[in-house]
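For reference, the structure is listed below as structure tokens.
The values are calculated or read from the model by the stated rules, or taken from the named source; none is laboratory data. Here the structure is a predicted model, which means the values were calculated and not measured. Glycine gets a Cβ as well: all are built from the backbone with ideal geometry, and neighbour counts include every protein chain shown.
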Amino acid sequence: MKSKYFFLIVLALTVALFNACSKMPDTPAQPTGYGNRILFLLKDNFSLGNIYQIVQEARMGDTLQAERPVTFMAIPNQAIISWYWLSYAEKRRWMQYLIIPGAPAFRQLPLTENRAMLTTAASNIYITRFMRGNDTVTTVNGVELLAVDNPAGNGFLQVLGENINVENEPTVMHAIHNDSTVVLFAAALQRAGLTDSLADARKTWTVLAPVNTAFIWSASQLEGLDLSSLDKILSADPERLKAVLRYHLAEGRLFTGSLYRMAAANNGTITMRDGSRVSISGNQAIFNNITFRGKHNSNVAQIAKYPNYGADPNYANIPCENGVLHKITSILIP
């Protein structure tokens, strides 16, 4: 008898569920191209799996599957080693920085140098298009695109060759002041009276900023000028100090790709703010392989790299509203 009642109850629930489902409105059909929107292209592409996961963790998936057109700059897995150390806010701003509203097509842009485009993070990325032989190359913040203008159902998907730094500061001086790895460089700029120029939003600068260890190890490198500690920097002769520091400044926004091209057109050198030249070398095909040599340096300066338990930060191509910052391993000697 109990088994009979159990059967009847199950049958009744099944009928009720069927009737309820039959009364539910049909799921509306998705618009044409919905399954080809940017979020789903990321999800279906194994080589973009890391960036897809970060998009989800940053809660930016809705933006990339919405109808409103955008251009998204994806980063392949090999360029994102670890992101777990980032906070939710950092991940979200990073993803917002990779999204350009309005879905601009990069191939339609003319040949240009550092064309600013506003992202959904309310800061700019900088797009350059130039000729290399018969090919047109497109870079974003100095990083070449592996794939350009992949069409999606709601815009375009661009694929970067490397990760890019987010533009977080209004000027290069703000970036230097807020960075603990270049404290001694900031103090030296202050002593030399150069901070106002670098904080001037009307000017554009490229700064080769020696990290703290470059100053600490410099005691015997600069004749008659010891910059190996904060106290010694603050007591240094301002004019002699200015002569050294101006050798680390160049006018204009020069990402590493631009530095390579400019050097190639000028016998392997670029002209600094003091009128002297710094030699540029390295293999552009290798990540951060660029090197710098001052007129009286015995060794080259490289892009700084610090051991890290999480992802190593990229110390080249740090964009600011009035320029770009590259952190280097040695002081350049004019």
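Name the residues in segment 29-66 that are charged (D, E, K, R) and farther than 18 Å from Asn163 by Cα, would you? Show your work before the answer.
Step one: of segment 29-66, the residues charged (D, E, K, R) are 37, 43-44, 57, 59, 62.
Within segment 29-66, Arg37, Lys43, Asp44, Arg59, Asp62 qualify.
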Is segment 183-198 home to any residue that is over 19 Å from the mean Cα position of the chain (by Cα), over 23 Å from Tyr315 (Cβ atoms) and without any contact (Cβ under 8 Å) to a residue 24 or more places away in the chain? yes
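Got a sec? Which of Ala263, Ala301, Ala219, Ala236 is within 23 Å of Ala199 (Cβ to Cβ) and aliphatic (A, V, I, L, M)? I'd like the intermediate steps shown before the answer.
On the way: Ala263 fails: within 23 Å of Ala199 (Cβ to Cβ); Ala301 fails: within 23 Å of Ala199 (Cβ to Cβ); Ala219 fails: within 23 Å of Ala199 (Cβ to Cβ).
Being within 23 Å of Ala199 (Cβ to Cβ) and aliphatic (A, V, I, L, M) holds for just one of Ala263, Ala301, Ala219, Ala236, which is Ala236.
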Only unsatisfied item for Trp83, checking (1) modelled with pLDDT of 95 or more; (2) surrounded by 15 or more Cβ atoms within 10 Å (Cβ to Cβ), is (1)
Heads up, the helices (runs of 4 or more DSSP H) in segment 216-266 (entirely inside) with at least 1 residues that are in contact with a Gly (Cβ under 7 Å, 6 or more places away or on another chain) and surrounded by 17 or more Cβ atoms within 10 Å (Cβ to Cβ) are 238-245, 256-264
Pro313 vs (1) assigned to a loop (DSSP other than H, G, I, E, B); (2) crowded, with 18+ Cβ neighbours inside 10 Å; (3) not small (Gly, Ala, Ser): all pass except (2)
Notebook entry, point to check: Residue check: is Gly61 farther than 30 Å from Asn288 by Cβ, in the same structural domain as Thr139 (by TED's automatic domain parsing), at pLDDT 95 or above and among the small types (Gly, Ala, Ser)?
Noted result: yes
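Could you list, in sequence order, the residues of segment 106-123 that are under 15 Å from the mean Cα position of the chain (by Cα) and of a type in the set (A, V, I, L, M)? Before the answer, list the steps.
First, the residues of segment 106-123 that are under 15 Å from the mean Cα position of the chain (by Cα): 114, 116-123.
Answer for segment 106-123, where residues must be under 15 Å from the mean Cα position of the chain (by Cα) and of a type in the set (A, V, I, L, M): Ala116, Met117, Leu118, Ala121, Ala122.
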Here the qualifying pairs (Cβ atoms under 7 Å; residues six or more apart or on different chains; first in segment 229-240 and of a type in the set (A, V, I, L, M); second not in a helix (DSSP H, G or I)) come out as Ile233/Leu227; Ala236/Leu225; Ala236/Leu227
Given the condition more than 30 Å from Trp217 (Cβ to Cβ), at pLDDT 95 or above, hydrophobic (A, V, I, L, M, F, W, C) and not in a loop (DSSP other than H, G, I, E, B), answer yes or no: does some residue in segment 160-176 qualify?
yes
Check on Phe215, modelled with pLDDT of 95 or more, over 30 Å from Thr128 (Cα atoms) and aromatic (Phe, Trp, Tyr) = yes
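What strands (runs of 3 or more DSSP E) completely inside segment 81-151 contain at least 2 residues that are among the β-branched types (Val, Ile, Thr) and not assigned by TED's automatic domain parsing to the domain that holds Asn317?
Working: elements: 99-101, 112-118, 124-132, 135-140.
Passing ranges, in order: 99-101, 124-132, 135-140.
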Matching residues in segment 288-308 (crowded, with 18+ Cβ neighbours inside 10 Å and touching a residue at least 60 places away in the same chain (Cβ under 8 Å)) number 3
Quiz item: Within segment 134-153, is even one residue without any contact (Cβ under 8 Å) to a residue 24 or more places away in the chain and crowded, with 18+ Cβ neighbours inside 10 Å?
Solution: no
The correct count of residues that are of a type outside the set (A, V, I, L, M) and under 17 Å from Val166 (Cβ atoms) in segment 69-81 is 2
